[in-house]
Amino acid sequence: MFVAKILLLCTACVLVSATPLGFGAPRIGGPRTLEGEDLVKAQEVLQASLTKLDDGEGPHYRISKIRSASTQVVSGFLNTYSVELTDNFGATKVCDVEIWSQSWLPNGIQVTFDCPNEPKLVKKHSA
């Protein structure tokens, strides 16, 4: 009888701790890997930020290829990319780029570039 109670208790704990979408599903507020139409929209967000920064003082990059992307609901949205960027000289490098969008704030878009062998670069622009 004792073993049956322990087994029942363990089963209840597993069921309570499972996510509503099932085991292995992303947690609410956690990062979500993008694919399909969501990835296309994320590429548009990245391109819009690169264009906005290019019109100002830079950096001056073009998207060569998005290797992966994810999004997360934070205070706004945080899009994270692993992306191949091409600079004005035609050199391509793989960088991690984060776009933290708080569009209700003035200059509420913060773009962080983390490229190998370069200091981390943080730029802000308006929505």
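The values are calculated or read from the model by the stated rules, or taken from the named source; none is laboratory data. Remember, it's a predicted structure, so these values are computed and weren't measured experimentally. Here the Cβ is made from the backbone with ideal geometry for all residues, glycine too, and neighbour counts use every protein chain on show.
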Write out, first by first residue and then by second, each pair whose Cβ atoms fall under 9 Å of each other, whose residues are 6+ apart or on separate chains, and whose first residue, in region 74-87, is of a type in the set (D, E) while the second is surrounded by fewer than 16 Cβ atoms within 10 Å (Cβ to Cβ) and in a strand (DSSP E or B).
E84/I63; E84/S64; E84/K65; E84/R67; E84/T92; E84/V94; D87/R62
Among the candidates S68, S101, single out the residue that is free of Cβ contacts under 8 Å to residues at least 40 places away in the same chain and under 13 Å from A42 (Cα atoms).
S68
Output for region 81-103, where each listed residue is within 20 Å of the chain's Cα centre (by Cα) and of a type in the set (A, V, I, L, M):
V83, L85, V94, V97, I99
Looking at region 72-127 only, could you name the residues that are part of a loop (DSSP other than H, G, I, E, B) and farther than 18 Å from K52 by Cα?
S75, F89, G90, A91, C115, P116, N117, E118, P119, K120
The number of residues in region 63-77 that are at pLDDT 95 or above, among the aliphatic types (A, V, I, L, M) and under 24 Å from I28 (Cα atoms) is 1
